[in-house]
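The values are calculated or read from the model by the stated rules, or taken from the named source; none is laboratory data. Here the structure is a predicted model, which means the values were calculated and not measured. In this analysis, Cβ positions are derived from the backbone assuming ideal geometry, glycine residues included, and neighbour counts consider all displayed protein chains. Side chains are part of the model used for accessible areas, which takes the heavy atoms of the whole protein and leaves out ligands, DNA and RNA. Shrake-Rupley method; radii C 1.70, N 1.55, O 1.52, S 1.80 Å.
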Amino acid sequence: MIPKNTLYVALLVWLFTSVLTAQADRIELPAPDVLALTREDARHEHNRFSAPVSLDLAPASAPSTYTYENGEWVWSRTFRIPHALGLGLFADELALPAGGRLLLSNRAGTRGPFTQADASSQNRLFTDFLPGESVTITYRGPLPETTPFHLWRIDHIYRADRWKNPYDKGFGDANGCHVNANCPEGADWKDEKSGAARINLVVEEGVGFCSGNLVNNTAQDGRPYVLTGFHCMDGFTPIYDLWGIDFDYTSVDCDDPATEPVPTRYLGVVFRAGLQATDFMLLEIIDPSFSLEEHYFAGWDRSDGDVPGVITHFAHPMGDIQKIGQSGPEGMTVLPTRITWNSGVITPPDHHFVMDYALGDFEQGSSGSAFFDNEHRIRGQLNGGNSACPGVSEAFLGRFHLSWDSGAADSMRLQPWLDPLGTNPLTLDGANLNTRTYLRGQVRRVDGSPAAGATITLQWAPDGMTEFTTDAEGFYRGERPAGVEAFAVSGSYRASEALDEGVDVGDLITIRRHILGRDTMPPLRLLAGDVNNSGTIRVSDITRITRVILATGDWLTRPNWLVLPLGYPITPTPVDPQAPIGIALNNPGVLEVQVDFFVVKTGDANGSAENE
C-alpha cells in the first residue's frame, strides 16, 4: 500500500547548519548520513527524496562584495555537499534591482535566470534542483543599493530511487504501466486535461509533488480553485507562497517527448479548506498572471452512492508528464470499511471510493488528482491504494459527496467556496472561463461604524465607468475590467440628505476659536471645516456654513459628505479632496484589489455628525 503521505519530503530533524565564511567563493557543507536518513524513511515510510540544510548568507551592498565584469556587478558562491544527487537553493528577502538576476548553474545545466518578478508573494524564491553535488548561485546586474537577497536553505537529494536526473531522462520517472494523457484514450478529454495540474510542494520539512485540478463554482467567475489531496500537506508545515502549479506539462501525442516539455507555472496558493476524513484540500492560486488567460474549470457531481461506468483521471506520477488512468465499465464503489494508512491516519467507513484500474496506474505524485465520471464531472480525488505494475492497481479516493458539507466549519467543506451563490446544486458542468477581477473594500464613518448605501465609482480610460453600492456592513465588491492597469476611484455618501446634517452654530464657534488661536482643530476637523476647498480655514468657511444653516446656500463644489480612500493624506489640508484618486497596478491580473474608504461630513468642524 502506498503510504498516506505521498510528499517527497525531507524532515527538519536532518537539518545541517553550516558556519559560513562570508567572502568564501566555495562553501563546503557536511555530507549527509544517508544510511540514517534511509533507515528513518523505512521506519516511518516517508516518501521524501531530499533533506534541507539551513543557510544564513547574503551579499552586502558594498561594492567590495562584488566584482565588475563586462559592465555588470557580479556576486557568486559555490556550494558543495558530498554525495548529493542534486541541490536546490532557497532565497528570501528578495530585493533584486531592475536588471538584476540570479542564476543557478553547474556542469549539468542551469536554472533561471530569476528576476524580482519571479519572487513569491512573500519575496521568496526556490531555484528548483540541478543534479550533482555542487551548484553555483550567481548574481549579475546593477550594483544593489541594499542587500538583494538572503540564502536561507539548500536542499540536497539523497534518494536515487525516488528522483532521477532530468538531464539524463528529460523528465520524470513514472513506471512503465502509465499511459500518456494524449494517447487515444484521452482524446475526448481535452478540456479536463488542460485543467489538470502538477503541484510542486514546498514545506519546511522538504519538497515534493502532488496532482490537482481546477474546479468550477456556481458563480462561474473563474476563481482559481484547485482541488487536491489533504494528505499532500497533512503533518507538514506548508510554505504556500512557494507552491508552483504547473499546467500543460504533457506530451504532444502518445509518444514520450524527446525533450522535457515546458509547463506553464503559476506561483503561490492559499489554503481555503480541507478535511482529513475525505482527504480533500481546496487551494486558491494567487499568482496575478493566472487571470490573464482562459482556463478550464472542471464540473462536479456531489450525488451519493456508487459511480458506474468508466472512471477517468489525469495525474503526474513521480512528477512526470501527465498520464491517464481509467477503470473498467464497473466504475467505482463506496468502500464500506475503514482504511488504516501506513502513516497511522484512519479513514472512516463509507468516506472513500475503491476503484480497480483497467488502464494505467498511480504512484506517489498522483495524489490529489480528480476522478471523473462518464459525464466528465469530478466525483472524488486520489488518496492512495495498492499500486501493482504489472498487475491490477487498486485506488482509494475521497468522496466529493461527503467533502461538500460534512465538515464542521467553512475551512473543512467545499460548499462555501464552490457554491458562493447559495443555489445548492447537485451537479455543475465544467466550463472554459476567464477569471474575473474585482475591486472590493469597506466604507466606514470616522467612528468606525459602517457607511451603508455609499456609492463607489470606478473609472478607466477612455470612458469606462461602473458603480458599486455598500451593504449594511459597509462592504462593496464588484467586477473591474480585465487587463486594465490604471483606473480612478471616487465615492459619494448621503448626497441627497440634509446639507446641515450634523452642522450647527457649534461648528461656527469651533472654527472661530481656531482662527483666533484659542483652540487648534485636528487635521480631520480642518478637512471638514474647509468647505470652500482652499486648503486652509478662513472666515469665508464660516460664511458658507452659515448660509447652509440658514438654508440660503449650499456647499457649492463640495459634496455633502467626502468619501476618501483609507490612508489618504489630510495633512496639510488637501485642496479639492473629492477628486477621483488614481490607482496604477504593477500587474493588471491581480484577482482582487482592496480599497477601503472613510467618510467625513462637510461643515462638521466639531465632529457632531458622528454621534447622529
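Quick notes on this structure:
- When LEU458, LEU527 are screened for being part of a strand (DSSP E or B), modelled with pLDDT of 95 or more, open to solvent by less than 20 Å² (accessible area, probe 1.4 Å) and touching a strand residue (DSSP E or B) at 6+ places or on another chain (Cβ under 8 Å), only LEU458 passes.
- GLY360 being open to solvent by 10 Å² or more (accessible area, probe 1.4 Å) and on the phi > 0 side of the Ramachandran plot: yes
- One residue stands out among those in the range 410-432 that are surrounded by 18 or more Cβ atoms within 10 Å (Cβ to Cβ) and among the aliphatic types (A, V, I, L, M): the one that is nearest to LEU526 (Cα to Cα), which is LEU418.
- Some residue of the range 172-179 being within 15 Å of ALA298 (Cβ to Cβ) and not β-branched (Val, Ile, Thr): no
- Scanning the range 290-303 for residues that are surrounded by fewer than 23 Cβ atoms within 10 Å (Cβ to Cβ), assigned to a loop (DSSP other than H, G, I, E, B) and of a type outside the set (Asp, Glu) gives a single hit, SER303.
- If you filter the range 539-579 down to residues that are part of a helix (DSSP H, G or I) and among the β-branched types (Val, Ile, Thr), you find that the one that is most open to solvent (accessible area, probe 1.4 Å) is VAL539.
- Elements of type strands (runs of 3 or more DSSP E) contained in the range 372-446, each with 1 or more residues being under 19 Å from ASP301 (Cβ atoms): 377-386, 394-399, 431-434
- The range 47-72, subset within 27 Å of the chain's Cα centre (by Cα) and open to solvent by less than 20 Å² (accessible area, probe 1.4 Å), residue modelled with the lowest pLDDT: ASN47
- Qualifying residues in the range 481-502 (those that are among the hydrophobic types (A, V, I, L, M, F, W, C) and either in contact with a Lys or Arg (Cβ under 7 Å, 6 or more places away or on another chain) or not in a loop (DSSP other than H, G, I, E, B) (or both)) - the one farthest from GLY553 (Cα to Cα): ALA486
- Qualifying positions in the range 145-204 - among the β-branched types (Val, Ile, Thr), part of a strand (DSSP E or B) and either surrounded by fewer than 17 Cβ atoms within 10 Å (Cβ to Cβ) or modelled with pLDDT of 90 or more (or both): ILE154, ILE157, VAL179, ILE199, VAL202
- Out of GLY464, GLY506, GLY517, sole residue that is at positive phi and either over 33 Å from the mean Cα position of the chain (by Cα) or in contact (Cβ under 8 Å) with a residue 12 or more places away in the chain (or both): GLY517
- Residues in the range 535-554 that are among the polar types (S, T, N, Q) and over 18 Å from ASP576 (Cα atoms): THR543, THR546, THR552.
- When the test is whether a residue is over 12 Å from HIS313 (Cβ atoms), in contact with a Phe, Trp or Tyr (Cβ under 8 Å, 6 or more places away or on another chain) and open to solvent by less than 50 Å² (accessible area, probe 1.4 Å), GLY384 passes it.
- Answer from SER366, SER387, SER393, SER291 - the residue that is closer than 30 Å to PRO588 by Cα, in contact with a Ser or Thr (Cβ under 7 Å, 6 or more places away or on another chain), at pLDDT below 95 and among the polar types (S, T, N, Q): SER291
- Here the range 248-279 is the region considered, the condition is being under 15 Å from the mean Cα position of the chain (by Cα) and of a type in the set (A, V, I, L, M, F, W, C), and the residue that is most open to solvent (accessible area, probe 1.4 Å) is PHE271.
- Taking the criterion of being surrounded by 24 or more Cβ atoms within 10 Å (Cβ to Cβ) and part of a loop (DSSP other than H, G, I, E, B), the only residue of the range 209-221 that qualifies is ASN216.
- Of all residues in the range 393-409, exactly one satisfies the criterion of being buried (at least 17 other Cβ atoms within 10 Å of the Cβ) and in contact with a helix residue (DSSP H, G or I) (Cβ under 7 Å, 6 or more places away or on another chain), namely TRP404.
- THR466 in a strand (DSSP E or B) and polar (S, T, N, Q): yes
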